[in-house]
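Visitor: Mind having a look at this structure? Questions to follow.
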Amino acid sequence: MATLTRLFPPAPEAKTFLLNHKPTPLFSSRKPQTTASRKSHNGIQSSKFGSFLDLKPLSKSESLDFDLSWFDPADRHRCCDVIVIGTGPAGLRLAEQVSRYGVKVCCVDPSPLSMWPNNYGVWVDEFESLGLVDCLDKTWPMTCVYIDDDKTKYLDRPYGRVGRKEFKTKLLENCASNGVRFHKAKVWKVKHEEFESSIVCDDGIELRASLVVDASGFASTFTEYDKPRNHGYQIAHGILAEVDYHPFDLDKMVLMDWRDSHLGNEPCLRANNSKLPTFLYAMPFDSTLVFLEETSLVSKPLLSYMEVKNRMVARLRHLGIRVKNVIEEEKCLIPMGGPLPRIPQSVMAIGGTSGVVHPSTGYMVARTMALAPILAGAIVECLGSTRMIRGRPLHHRVWNGLWPLERRCTREFYSFGMETLLKLDLKGTRRFFDAFFDLDPYYWQGFLSSRLSLGELLLLSFSLFRNASNPSRLDIVTKCPVPLARMVGNLALEAI
């Protein structure tokens, strides 16, 4: 998540802000759309003070009202250039980008018009650079990190919540205008021949294409690995809640709150948290509407989901937050780090199953939006040309388009960051982020957005060690040698 001196023009000096900093008109105050009324239902949904586990979410799953171009089962050929399995952000973004160049694309999903369930948070500058800033339904001009009860970091980097309806509608509109077709079914099987692949769906339909792309998420069985998938895991419980009160400034998004004073009367929870810490992530929309999420940044093995929820109950009680209504609820489980899929292979992948999740932070949406055009370019070079490069040469080009050597090496470094975090207890984690967010903003921002080169990551490491406290340096010296040796070994293998 996090800065240094570099061989570039100096970055703007980091600024310190006060809590009464006012948002500028550049940032949206538009409230997120919800399907359920925020009015209190005569107290029926009101929780006990600080507790919310007995409340049922008011919102219901919904689908977009959108006229898609559906695949015609009567089509005798049932063939296209690219089949994309899944219509999440990754699948739709890739379909949008590939189809711009006249490549025939078909997206297959059991429910292509269903709304995505997750809340996506992104740095505003990332979506601005991608031309997607109009898909943000709320922005905050600043973020903050509570290191402990006595220290808070204020970060001069705007943050936004993605409007899921606006985001998916925009991608679908672009797909529709490019001629992408959709088929409503679940894919059961993928088969391969020398120059062609096919999918078999649960409705009996079989479709053929030159390339099948797996964008169906972490649980997919279509993408193959040749190494054990020894992931770390980020787990979180989140609620969009109507509350009587919350203590957060409306012009600041809370990126991390590592305070543990709420566990003072919970000795068992406090002892566990001191070893495997969790933090609060909070998006205040107005004085009574807030998204709250208790998060384990990374753990191996997986931290208990009930443990996460119990810590959140204790935290909200301590903060004086009484949840009146749970509007939305989400359980977040993200595999982080671990090996990349086998490169190359007959099925291409994008999104969660392709290894693009940031191994140290869990961020993926903005990175996937940025990588999809790169992967699309590699696909178009093969299938959009008159030569029609297919089979193994196609698979080699597209996989190495997504994961060239430099990108594989930087991922090893980010995975080293994850392995380091796994070794730290609460005190060590606080010291780490205290030093991390004191770095030059070019570096901590670049690290969080996966845009630093391997050389820049090395400079970041040296600067972090130089600026860290003595106890934090001791953590690095005593707890990092094994992860460091693993990273060096993996980098050597990649270079061979």
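The values are calculated or read from the model by the stated rules, or taken from the named source; none is laboratory data. Computed from a prediction, not measured in an experiment: that's the story for all the values here. Glycine also receives a Cβ, built like all others from the backbone with ideal geometry; neighbour counts cover every protein chain displayed. With ligands, DNA and RNA removed, areas are computed over all heavy atoms of the protein, side chains included. Shrake-Rupley method; radii C 1.70, N 1.55, O 1.52, S 1.80 Å.
Visitor: Among the residues of the stretch 272-302, what is the count of those that are among the hydrophobic types (A, V, I, L, M, F, W, C), open to solvent by less than 30 Å² (accessible area, probe 1.4 Å) and more than 19 Å from the chain's Cα centre (by Cα)?
Guide: 3
Visitor: While we're on this one: Could you go through the stretch 211-230 and let me know if any residue there is buried (at least 19 other Cβ atoms within 10 Å of the Cβ), among the small types (Gly, Ala, Ser) and under 21 Å from Asp75 (Cα atoms).
Guide: No, because not a single residue in the stretch 211-230 is buried (at least 19 other Cβ atoms within 10 Å of the Cβ), among the small types (Gly, Ala, Ser) and under 21 Å from Asp75 (Cα atoms).
Visitor: For Leu340, are the conditions met, namely being of a type outside the set (D, E, K, R) and more than 21 Å from Asn118 (Cβ to Cβ)?
Guide: So Leu340 fits the description; yes.
Visitor: Could you list, in sequence order, all residues of the stretch 234-250 that are out of contact with any strand residue (DSSP E or B) (no Cβ under 6 Å at 6 or more places or on another chain) and either under 21 Å from Trp123 (Cβ atoms) or crowded, with 20+ Cβ neighbours inside 10 Å (or both)?
Guide: Asp249 - this is the single residue of the stretch 234-250 that is out of contact with any strand residue (DSSP E or B) (no Cβ under 6 Å at 6 or more places or on another chain) and either under 21 Å from Trp123 (Cβ atoms) or crowded, with 20+ Cβ neighbours inside 10 Å (or both).
Visitor: If I go through the stretch 89-115 residue by residue, how many of them are in contact with a helix residue (DSSP H, G or I) (Cβ under 8 Å, 6 or more places away or on another chain), crowded, with 20+ Cβ neighbours inside 10 Å and either farther than 21 Å from Gly217 by Cβ or not acidic (Asp, Glu) (or both)?
Guide: Looking only at that region, the number is 12.
Visitor: I need a count of the residues in the stretch 251-267 that are closer than 22 Å to Asp54 by Cα and surrounded by fewer than 22 Cβ atoms within 10 Å (Cβ to Cβ).
Guide: Of the residues in that region, 3 qualify.
Visitor: Of all residues being of a type in the set (Gly, Ala, Ser) and at pLDDT 95 or above in the stretch 336-354, which is most open to solvent (accessible area, probe 1.4 Å)? Just the residue, please.
Guide: Ser346
Visitor: For the stretch 402-420, give me the residue count where each residue is over 13 Å from Ser461 (Cα atoms) and open to solvent by 20 Å² or more (accessible area, probe 1.4 Å).
Guide: 7
Visitor: So Ala376 clears everything in (1) in a loop (DSSP other than H, G, I, E, B); (2) under 20 Å from Pro404 (Cβ atoms) except one condition, right? Which one?
Guide: (1)
Visitor: Which of (1) surrounded by 15 or more Cβ atoms within 10 Å (Cβ to Cβ); (2) touching a Pro at 6+ places or on another chain (Cβ under 8 Å) is the odd one out, the single condition Arg208 does not satisfy?
Guide: So Arg208 meets the others, but not (2).
Visitor: From Ala219, Ala241, Ala209, which residue is among the small types (Gly, Ala, Ser), in a strand (DSSP E or B) and over 24 Å from Phe71 (Cα atoms)?
Guide: Ala241
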